[in-house]
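Asker: The structure that follows is given in the form of structure tokens.
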DNA sequence: GGTAAATCTCGACCGTGGTCGATTTTAGAA
DNA sequence: TTCTAAAATCGACCACGGTCGAGATTTACC
């Protein structure tokens, strides 16, 4: 029997994850101790550390599940023919609702995903890449519909909108805007990105005519 | 003498801050214990907590000093008549150089400043507002030079560029781009923001003519 | 089955951030 | 100066995240 060990490990790992989902949801990440987590999973404290190197790593695995779930769910909710900005709003407001649902969890997740430590690069990169693969098709279609310029790398387009999303979430975490205002603020930023911050030729002519 | 107590408190507070600057710079934030900090400041461990509520709060005060210093220094380095994008690059690359200089410090600072906990709202808001006041004049001048649309709230313009800055820093922390690439990536994002992601009328005509 | 090596499990242990109440210092009235 | 209330100082103490080596379990070979 070479498989007994493998089988047990898989079982233990999922026991830890199940306990994590339950306890993190019940009392939050910080209020859940490793000891409690281990007991809930039916193992000793030290054993946790042969499955995850740090408490944060457990949180990452937890986030990975949550994000992959919500991402794939959200993509089915977008109408591929509606204007890009509407699709973006559905995607990003969907992700935001996950965050708004549990502020503390969301903050930790954003802190870790946006500014990850070196040891988490691989994991965050994986999650990011899966997400990028999903939204790329969305941006490509928008390009085909002439809603987006074709001379920009899709990565930069995705990055641009993601940056604005982060900005909106940051403004919310800073208490600068209320929960209900996040949607309208984000939409405004997205529209700005599409239209450009520099004045059009017509705008310029208009400004100049006024200056005379 | 009503002032003895006040005077002592001020002295102790600055002793803590001086110790913090020294020790954080020497060994980093995480490797410096409160006990060490207290000893270096010539006080007992418990006393620290009548000046700062948490270790993070000390870090915030430290960041505040660093940021205010670099911000005011950077503003003197910008030529108010050069194109907006050049001024933005000087400002944001200056701030980034502070971060790149000490990656761990920078990560904590960004994590805390972009996604602050409720108890730090007041402090982060203060720092942000001081920064905004400085850059607003820069954006206003750009509007007057017809480099920026005049129908957008300056707060949204500042937010837009700040979001893109965060995005560039995030890509760096995720290992997606190298230190030398941050500048060019950021410039590209800024230019995109100015030009707009949607195709111009001319672009559209060009795309459509090709499709025939 | 027997046995030795490899692997996994465990909780006592360490250093840390943060708390608390006993002790010391200061402010101000008598 | 003396006395008392208020405020500041302190380090023992607690709970936690993480380490480590002793002991238990599994594997692979006979």
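Quick note: the coordinates plus some simple rules give every number you see, no bench work behind them. The structure presented is a predicted model; accordingly, all values stated were derived computationally and were not measured. So basically every Cβ, Gly included, is an ideal-geometry build from the backbone, and we count neighbours across all protein chains shown.
Asker: Pull out a ≥ b ≥ c, the square roots of the eigenvalues of the alpha-carbon gyration tensor of the protein assembly as shown, then state rounded if a/c is under 1.5, prolate if not and a/b is larger than b/c, and oblate in the remaining case. Walk me through the numbers on the way to the answer.
Answerer: Working: a/c = 2.27, a/b = 1.18, b/c = 1.92.
Verdict is oblate for the protein assembly as shown.
Asker: Another question, if that's okay. Across peptide A:185-195, how many C-beta atoms of other chains are within 10 Å of each residue C-beta, on average?
Answerer: Values: counts 3, 0, 0, 5, 5, 1, 3, 9, 9, 4, 6.
So the per-residue partner count for this stretch is 4.
Asker: Per-residue counts of other Cβ atoms within 10 Å, averaged by peptide: what ranking do you get for A:136-143, B:7-14, A:90-97, highest first? Don't jump to the answer; show the numbers that get you there.
Answerer: Values: A:136-143: 16.6, B:7-14: 12.0, A:90-97: 18.6.
Per-residue Cβ counts within 10 Å, averaged per peptide and sorted highest first, yield A:90-97, A:136-143, B:7-14.
Asker: Something else now. If you line up the long axis of helix A:3-27 against the longest principal axis of chain A, both from Cα atoms, how many degrees apart are they, to the nearest 10?
Answerer: 60
Asker: Pairing the Cα long axis of helix B:84-101 with the longest principal axis of chain B, what angle in degrees results, from 0 to 90 and rounded to the nearest 10?
Answerer: The two axes meet at around 40 degrees.
Asker: Is there a simple number for the mean count of other chain Cβ atoms within 10 Å of the Cβ of residues in B:117-127, and what is it?
Answerer: Rounded to a whole number, the mean comes out at 2.
Asker: A further question on this structure: For n ≥ 4 DSSP H runs only, could you compute -39500 (n - 2.57) per run for chain B, divide by its residues and tell me the 222 nm figure to the nearest 500? Don't skip to the answer; put the middle values down first.
Answerer: Numbers: 10 runs with 159 residues, N = 212.
Calculated at 222 nm, the ellipticity per residue is -25000 deg cm²/dmol.
Asker: For residue A:73, place a label point 7 Å out from Cα along the Cα→Cβ vector, do the same in each other copy, and report the separations in nm, one decimal, smallest first.
Answerer: 4.8
Asker: I would also like to ask the following. Chain A: which residue's Cβ hugs the A-to-B rotation axis most tightly, distance rounded to whole Å?
Answerer: A:196, 1
Asker: Specify the angular offset, from 0 to 90 degrees and rounded to the nearest 10, of the alpha carbon long axis of helix A:121-144 from the longest principal axis of the alpha carbons in chain A.
Answerer: Approximately 30 degrees, to the nearest ten.
Asker: Rounded to the nearest 0.05, what FRET efficiency do residue A:195 and residue A:56 have when you use their Cβ-Cβ distance and R0 = 56 Å? Walk me through the intermediate numbers first.
Answerer: Values: r = 40 Å, r/R0 = 0.71.
For residue A:195 and residue A:56, the calculated efficiency is 0.90.
Asker: On to the next question. With no solvent and one point on each alpha carbon, what is the Debye value of log10 I(q)/I(0) for the range A:1-52 at q = 0.14, 0.16, 0.23, 0.24 Å⁻¹?
Answerer: Treating every Cα as an identical point scatterer, log10 I(q)/I(0) equals -0.35, -0.44, -0.80, -0.85.
Asker: For chain A, what's the relative contact order in percent, using C-alpha pairs closer than 8 Å and at least 6 residues apart? Walk me through the numbers before you get to the answer.
Answerer: On the way: 117 pairs, mean separation 32.3, N = 212.
Value for chain A: 15 percent.
Asker: For residue A:27, place a label point 7 Å from Cα along the Cα-to-Cβ direction in every copy; what are the distances to the other copies, in nm, shortest first?
Answerer: Taking the point 7 Å beyond Cα along Cα→Cβ, the inter-copy spacings are 3.1 nm.
Asker: Can I ask one more? Extension gain residue B:102-residue B:14, at 0.36 nm per residue separation less the Cα-Cα distance, in nm? Mind showing how you got there, number by number?
Answerer: On the way: separation 88, 0.36 × 88 = 31.68 nm, distance 2.32 nm.
Result for the pair: 29.4 nm of gain on full extension.
Asker: Can you pull the Kirkwood radius for the range A:13-124, inverse mean 1/r over Cα pairs, to one decimal in Å?
Answerer: Numbers: mean 1/r = 0.0652 Å⁻¹.
About 15.3 Å for the range A:13-124.
Asker: Taking each pair of different alpha-carbon atoms in chain A once, compute 1/r for the pair, average those values, and report the inverse of that mean as the Kirkwood hydrodynamic radius in Å to one decimal.
Answerer: Details: mean 1/r = 0.0503 Å⁻¹.
After inverting the mean inverse Cα-Cα distance, the result is 19.9 Å.
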